[in-house]
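Okay, structure first, notes after.
Any read-out appearing in this document is the output of simple, stated calculations on the displayed coordinates, not a laboratory observation. This structure is a prediction, so every number in the text was calculated from the model and none was measured. For neighbour counting, all protein chains shown are included, and Cβ atoms are generated from backbone atoms with ideal geometry for every residue, glycine included.
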Amino acid sequence: MHRLAQLDHDFVWHPFTQMRDWLKREPLVIVAGHGARLRDVQGREYLDANSSIWTNLHGHNHPKLNTAIHQQLKKIAHSSALGLANQPASLLAAKLVAAANPAAAGRRPKLNKVFFSDDGSTAVEVALKLAYEHARRTGRVEKPKFLSLDGAYHGDTLGAASLGHIDLFHKSFSRLRFPTDRVMSPYCYRCPFNRAKPERADAREYRKCNWECVGVVEKKFAAQKRKRNPYAAFVFEPLIQGAAGMISQPHGWLRRVAEIARGQGALLIADEVMTGFGRTGGSESRLQAERWPGKPPQGGTPNLLFACQQEGVQPDFLCLAKGLTGGYLPMAATLTTQKVFASFLGEYGEFKTFFHGHSYTANQLGAAAALASLEILSAGPSVRARQTLQKVLRDELQTLWPLPNVGDIRQVGLTAGIELVRNWRTREPFDLRERAGIRVCEAMARRGVLTRPVGNVIVLIPPYCTTPRQAGRMVGVLKTAIIDALQSGAT
């Protein structure tokens, strides 16, 4: 075993990892990366098919990001945001506000205040605390409650975890969390209201229903209102729920439920930790014409960076992290409205301050990387490359339908989830203890493609720099791995 691998075994505790299994074999030790490729300590190369846990946008060792960080490092790496401002964070806040308020948004609430933090969990935690206290201070709700989706995952800090509804992750900490309500997510493939028989296509395309899932949400809000304690906020991942199993929402669902929540006076908290910064597409004029009501701004359609914008939904809180710095440094942001901000204004002696913070809030290196990343995202070549990659990925994924263990393929922009089943005709799932998803990913790693499953769902989220040939290899290796790991009985 390599010395670094042994050091890892001796001292490192990995997240979301069964460490007994981890210690049975030598781990891959990554030492370098370039573009969509990673290299381990043994000199072997791999394709990064999940963008280093959904964070990397433009590829590893990107010269523009490297330069931005290097230039900032020559000035200062970090200074406190408690009582001090800094240049890159101020510029970044202005850029995020501009991206979060496309011209077509009209009179929807403007997101014009940015609170920086460290990661996705803290971005959601900030939104949760702000929404809670805002509801109390404005006199709307005395004991604020929150509604999120079944299968929700919004982070691991205790507030964010309280919004989560995945027993495997959250049940053991139930006595530490505060209670929140859940409502069904629009999981078309396994929806009890979907009368369609399985087909070889994305279940959203052939579903047969009457939007009963929307009706369930409406009833949930109405029932809570009758208790004279309406929900303070509705929390959701727009277009696709990541840790729930890449559950993709049918077109129109988000817009419908957002209107219901708004009608009941609830604030909207959009968790775009995974979906933000172009990950769900949004650059195609057809999508924008269909999903953003109103007249496009002069000069053509905007380069929409956030998933909720594709359904014309403007939240009261927008939570960002992961891809914010292009996958280089831990940084997060929570955007909110002037109305929320105003409820925390007062004289010093009133102590209406938002008493919450982080040591590395508004870190200069992270902000510099984020500014460079936003510049890349808005450049024409990057927009066109994302459009091309989205189409290539869609075409390549079609080659998986002949496999009997592929039940559903859910793609939203540059995210894809391939749900593995015993047989596609019955939709019968594998028991999690069978490690079906893990076995497939292990088989992929042996062939030079790295990703990580969500239960029985294989996730493909390539960096935006991925070439058509590399995307084809990712899917081709996945196909071979499914055959070897599941059809041949390999373990």
Would you mind putting 157-166, 58-67 in packing order, based on average other-beta-carbon counts within 10 Å, highest first? 157-166, 58-67
Phi to ³J(HN,Hα) by Karplus 6.51 cos²θ - 1.76 cosθ + 1.60 over segment 341-357, Hz, x for Gly, Pro: 4, 5, 6, 10, 9, x, 5, 3, x, 7, 6, 8, 4, 7, 7, 7, x
Under a 5 Å amide H to amide H cut-off, with H placed in plane at 1.01 Å, what residues pair with Cys465 once short-range neighbours are removed? Gly59
Amide H neighbours of Leu267 under 5 Å, at least 5 residues apart or on other chains, H built in the peptide plane: list them. Ala233, Phe234
Relative contact order of segment 75-378, defined on C-alpha pairs under 8 angstrom at six or more residues apart (%): 28 percent
In whole Hz, the Karplus estimates of ³J(HN,Hα) for segment 269-276 (6.51, -1.76, 1.60; θ = phi - 60°; x where Gly or Pro) are 10, 9, 8, 10, 4, 8, 7, x
For Ile240, the residues 5 or more places away or on another chain with a placed amide H closer than 5 Å to its own amide H are Gln249
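May I ask you to derive the FRET efficiency for Val216 and Asp431 from their Cβ-Cβ distance with R0 = 22 Å, giving the value to the nearest 0.05?
Values: r = 28 Å, r/R0 = 1.26.
Efficiency, rounded to the nearest 0.05: 0.20.
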Computed, not fitted: 222 nm per-residue ellipticity of the chain from DSSP H runs ≥ 4 (each -39500 (n - 2.57)), nearest 500, equal to -10000 deg cm²/dmol
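Take every DSSP beta bridge with both residues inside the chain and express the antiparallel ones as a percent of the total, to the nearest 5.
In the chain, approximately 70 percent of DSSP beta bridges are antiparallel ones.
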Which pairs break 27 Å Cα to Cα here: Lys113/Lys145; Lys129/Lys227; Lys208/Lys322; Lys95/Lys143? Lys208/Lys322; Lys95/Lys143
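Please tell me the relative contact order of segment 197-257 in percent, rounded to the nearest whole number, where contacts are Cα pairs under 8 Å and at least six residues apart. Before the final figure, lay out each step's value.
Working: 25 pairs, mean separation 18.2, N = 61.
Taking the mean separation of contacting Cα pairs over the length of segment 197-257, I get 30 percent.
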What list of ³J(HN,Hα) couplings, whole Hz, do you get for segment 125-140 from phi and the Karplus terms 6.51, -1.76, 1.60, once you set θ to phi - 60° and write x for glycine and proline? 4, 4, 4, 4, 5, 5, 5, 4, 6, 4, 4, 6, 5, 8, x, 6
Give or take rounding to whole Å, what are the principal axis extents of the alpha carbon atoms in segment 75-378, in descending order? 61, 47, 38
Cα centroid of segment 423-491 to Cα centroid of segment 201-261, whole Å: 29 Å
